[in-house]
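As structure tokens, the structure follows; a few thoughts come after it.
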């Protein structure tokens, strides 16, 4: 019998390999042992009712706003969008969603939002990885001072940069254009700091020296050695940047002017009326704005978690 919980052997023995070496009975026993081990915590204990209670309460806290939005969006009449009645789902969800699709100009707003999110995310990942590689592995004068200056910009509140950015966008003729939303976000100080910290621990100098000995140029070494090593952290940075740009509201609302239908967040905010707000339509717009992001998370959630865990582990 092969004991997979033996602390002296840290290697993970594959069930198919056990079947080939020891036979099917040992493989089945090993599979049962491994499945039983999945129900334990990292300390080797099974989670108690308290752990499940905390997880359930946390899940309800995060899910409740989404449920409330769905419930309001499904109401048959605007009078049911307030109070306790709003907690009971109605039957007009599809009707309200179809109304919001037209008033929201959904496909135009979706195209603009996807364009901004993809362009900014790709640019942020590329420049942050390039700068992080330079700060982490290249030796040049003033490296520490420059990195400190980049990190220091993270302490500046966004509100302080709004006025100069607005003036520059207006003087450059970008007011009301998606470029005014894209250009300020092409690179981020957090992305540079994150990639610097990750590449410092994940990429050994020996690989860089081997690539240079093989005749690779500096940029070729970055592409062939640095980028593959930084891929987990880069995936996390891309997804976080994409989510941040998708939900960005403050700056687009200021700079897009009359063209607020170019992005989902600003278009959804425009559904609010001047004298009376039909929250069944507003919440339908919120659902349409959130649904593609939820779909992205379900598709790429594992990569997001893997990137976070990879950045949290050093060495």
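The values are calculated or read from the model by the stated rules, or taken from the named source; none is laboratory data. Predicted model, so just to flag it, every value in this text is computed and none were measured. Quick reminder, even Gly has a Cβ in these numbers, built from the backbone with ideal geometry, and neighbours come from all protein chains shown.
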Members of segment 86-110 found to be assigned to a helix (DSSP H, G or I) and surrounded by fewer than 14 Cβ atoms within 10 Å (Cβ to Cβ), listed by number: 87, 94, 98, 102, 107
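Here is a yes/no grid of residues against (1) in contact with a helix residue (DSSP H, G or I) (Cβ under 8 Å, 6 or more places away or on another chain); (2) more than 23 Å from residue 100 (Cα to Cα); (3) surrounded by fewer than 18 Cβ atoms within 10 Å (Cβ to Cβ); (4) modelled with pLDDT of 80 or more:
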{"position": "277", "(1), (2), (3), (4)": "no, no, yes, no"}
{"position": "283", "(1), (2), (3), (4)": "yes, no, no, yes"}
{"position": "287", "(1), (2), (3), (4)": "yes, no, no, yes"}
{"position": "292", "(1), (2), (3), (4)": "yes, no, yes, yes"}
{"position": "295", "(1), (2), (3), (4)": "no, no, yes, yes"}
{"position": "300", "(1), (2), (3), (4)": "yes, yes, yes, no"}
{"position": "303", "(1), (2), (3), (4)": "yes, yes, yes, no"}
{"position": "308", "(1), (2), (3), (4)": "yes, yes, yes, no"}
{"position": "314", "(1), (2), (3), (4)": "yes, yes, yes, no"}
Restricting attention to helices (runs of 4 or more DSSP H) lying wholly within segment 124-220, give those where 1 or more residues are exposed (fewer than 12 other Cβ atoms within 10 Å of the Cβ) and modelled with pLDDT of 90 or more. 143-152, 158-171
